[in-house]
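S.K.: Just dropping this structure here.
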Amino acid sequence: MSHTSPQITADQFAAQTSAILASVGAVIDGKPDAVRSALICLLAEGHLLIEDVPGVGKTMLARALAASVDATVRRIQFTPDLLPGDVTGVSVYNPVDREFEFKRGAIFAHIVIADEINRSSPKTQSALLEAMEERQVTVDGATHPLPEPFLVVATQNPLEMEGTYALPEAQRDRFMMRISMGYPDAAAEALMLRQRDTVNPLSAVSAVADAGSISQLITWARSVHVAPALEEYTVALAQATRSDPNLHLGASPRATLQLIRAAKVWAALDGRDFVIPDDVTALLIPVFAHRLLPARGAHRAGAQPVEAALAQIVERVRVPVASRV
């Protein structure tokens, strides 16, 4: 990310982010939390994993966000026969110049929609690892930088469905947040039947931001202040997951860093230039839960043992108190 983007004001940040939220929200009825999570990942330079059953709007959310930002967009349909080179690109021999030239894959875009990512083989899934972490692709020893900003919005079906491959821990750790769309309420579903019978709602979406303005928003969110005591609180939460008897795998240092980055954007969207403890705890489950593994037998304690363990950690880790001046 370039640090030379012109500085914007708090009012400009609020106006631009509100426009994006409204644009995406017009397509995704009754799911403001999911829309907000997608924008947080974009502005915190993370990646979003949407996990839910088919037909609840996972891909629609990703496409609505892409349509609201005037930037390059690619969609990759992950299937069992998809090859790593289809994602990253390949070197092709040019008989005229008598040398190999690089043909870019679908990953070269500002926003990449990885649809049903867990339907491809682990080998193809791993093609995303370098791109998501280092924002570059290495093919045949040559490194190719990806455009900035860069966001992967991946969708996946629950693992109990046929033809799916579980994402490995290293892959899940590269997603900043995991969310579920959930079924719409009765009113939103009835509205969808009336409005979408003949018209695709995406056709009415026009871009309200471009890559340059997104870079400005990212720079603004980076400047949000995090007090040292709040940094220590975030580290304490992460360390508590590593020693919790109900968890087999705790949060990584990358998870701690991404929690702070996401909390900065959360605070900025709320109109603040500083992070408070509530920002951190509000994002703890979306940022941490998909990275953690429950201890053996912990599933008997509840349907969602990881979420339950995180709730208990929030209860017992001391919240920093602002000092009086």
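The values are calculated or read from the model by the stated rules, or taken from the named source; none is laboratory data. From a predicted model like this one, the values you see are computed outputs, not experimental measurements. Cβ sites come from the backbone with ideal geometry, for glycine too, and all protein chains shown count toward neighbours. Accessible surface areas use protein heavy atoms only, side chains included; no ligands, DNA or RNA. Shrake-Rupley method; radii C 1.70, N 1.55, O 1.52, S 1.80 Å.
S.K.: Tell me, what is the 1.4 Å probe accessible area of Asp81, in Å² to the nearest 10?
M.R.: 120
S.K.: With every protein chain left in place, what is the accessible area of Ile179 in Å² (1.4 Å probe, nearest 10)?
M.R.: Result for Ile179: roughly 20 Å² accessible.
S.K.: OK, next. Given springs between every Cα pair under 10 Å in a Gaussian network model of the chain, which of Val69, Val287, Val96 has the largest fluctuation?
M.R.: Sorting by GNM fluctuation, first place goes to Val96.
S.K.: Given a 10 angstrom Cα cut-off, can you work out which residue in Ala190, Ala34, Ala282 is the most mobile in a GNM of the chain?
M.R.: Ala190
S.K.: While we're here: For Arg75, Arg119, write out the residues from largest to smallest accessible area, computed with a 1.4 angstrom probe and no ligands counted.
M.R.: The ranking, largest first, comes out as Arg75, Arg119.
S.K.: Same structure, new question: Tell me the chymotrypsin sites (Phe, Trp or Tyr not before Pro) within the stretch 179-285 that lie in a loop according to DSSP and have at most 14 other beta-carbon atoms within 10 Å.
M.R.: none
S.K.: I've got another one for you. Can you give the relative contact order of the stretch 8-167 as a percent, counting alpha carbon pairs under 8 Å and 6+ residues apart?
M.R.: Relative contact order of the stretch 8-167: 26 percent.
S.K.: List, in order, the whole-Hz ³J(HN,Hα) value for each residue of the stretch 99-114 obtained from phi through the Karplus relation with A = 6.51, B = -1.76, C = 1.60 and θ = phi - 60°; use x for Gly and Pro.
M.R.: Values per residue, Gly and Pro as x: 8, 7, 10, 8, 9, 5, x, 6, 6, 7, 7, 5, 10, 10, 9, 9 Hz.
S.K.: Still on this structure, please answer the following. Of all the accessible heavy-atom surface of the stretch 15-156, with the other protein chains kept in place and a 1.4 Å probe, what percent is carbon and sulfur?
M.R.: 51
S.K.: With 5 Å bins from zero, work out the P(r) of the stretch 1-146 over every alpha carbon pair and list the percent per bin.
M.R.: 2, 8, 15, 19, 18, 14, 11, 7, 4, 2, 1, 0
S.K.: If the elastic network links every pair of Cα atoms under 10 Å, which of Gln312, Gln136, Gln125 fluctuates the most in the Gaussian network model of the chain?
M.R.: Looking only at Gln312, Gln136, Gln125, the largest GNM fluctuation is found for Gln312.
S.K.: Take the eigenvalues of the Cα gyration tensor for the stretch 168-240, scale each by 5, and report the square roots as semi-axes in whole Å, largest first.
M.R.: After diagonalising the Cα gyration tensor, the semi-axes are 37, 22, 14 Å.
S.K.: Per the 1.4 Å probe, what fraction of the accessible area of the stretch 217-292, in percent, lies on carbon and sulfur atoms?
M.R.: Percent of accessible area from carbon and sulfur atoms in the stretch 217-292: 57.
S.K.: For the chain, what is the accessible area per residue in Å², given a 1.4 Å probe and the full set of protein chains?
M.R.: Computed with neighbouring chains in place, this is 49 Å² per residue.
S.K.: Once you treat every alpha carbon in the stretch 79-149 as an equal point and sum by Debye, what is log10 I(q)/I(0) at q = 0.17 Å⁻¹?
M.R.: Taking Cα atoms of the stretch 79-149 as identical point scatterers yields -0.64.
S.K.: Could I get the Rg over Rh figure for the chain? Both from C-alpha atoms, Rh via Kirkwood, rounded to two places.
M.R.: 0.98
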